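These notes concern the structure reproduced below.
Nothing in this text is a laboratory measurement; each read-out follows from the coordinates by a stated rule. Predicted model, so just to flag it, every value in this text is computed and none were measured. Here the Cβ positions follow ideal geometry from the backbone for every residue, glycine too, while neighbour counts run over all protein chains shown.
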């Protein structure tokens, strides 16, 4: 009953928060030892190297300022399509000149503007914590659609003990909702959307703040079947 209202609030709150945060985003994530982009990049580079694909087509969903995409471009020739819905973050990414296409798109609601079976890899770091359950399902549906057969999606999420848990987060850039997923629930979602899980990591620190507090991420790599 409340899901549509929560979705509307989350989209508004997240867009506002990232717009306000964009000027300081990269400095602050560096100060807080943000790890999602680094861990996703390391996993993606490893899987791409193992695939033998030259100049792969990669969709970076929720590309933000391009922290993940930059590491992929630095590591190998690749063709990156970036999706995001915050123009201020996209402007920072555009200045890097690392994408073939950079498109404004609400990845948890809109059909991704890519052809079926056009991508070798779909990557995403630090996005799932903003995706309500139906948005997460939409992500997996679209990832499956745009990936080639045996293509991989690699993403991070915030684990919790409940199947999924929504909490209110108050930060200096705004107030928004954080979505956590139980590892078993996340595996169920992935497996029921046409994927086979290749890797599901143990928890690792997502950020460590100046006051010593922190939160965890886990990473999943899953192959389209």
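Placing a label point 7 Å from the Cα of residue 96 along the Cα-to-Cβ direction, the residues of region 151-188 whose backbone N falls under 18 Å of that point are 154-156.
The Cα-based radius of gyration and maximum Cα-Cα distance (Dmax) for the chain are 16.2, 47 Å.
With one equal scatterer per alpha carbon and no solvent term, the Debye-computed log10 I(q)/I(0) for region 1-47 at 0.27 1/Å reads -0.90.
One way to sum up the overall shape of region 13-115 is the equivalent ellipsoid from its Cα gyration tensor, whose semi-axes run 23, 17, 11 Å, largest first.
Taking all Cα pairs closer than 8 Å and separated by 6 or more residues, the relative contact order of region 3-224 comes to 21 percent. Compared with the alpha-carbon gap, the fully stretched path from residue 161 to residue 31 is longer by 44.0 nm at 0.36 nm per residue. From most to least packed by mean Cβ count within 10 Å, the peptides 148-161, 57-70, 89-102 give 57-70, 148-161, 89-102.
Can you give the Rg to Rh ratio of region 123-225, both from alpha-carbon atoms, with Rh computed by the Kirkwood formula?
Numbers: Rg = 14.1 Å, Rh = 14.2 Å.
Radius of gyration relative to Kirkwood radius: 0.99.
Suppose we keep just the DSSP beta bridges with both residues in region 3-224; what percent of those would be antiparallel, to 5? In region 3-224, DSSP labels about 55 percent of beta bridges as antiparallel.
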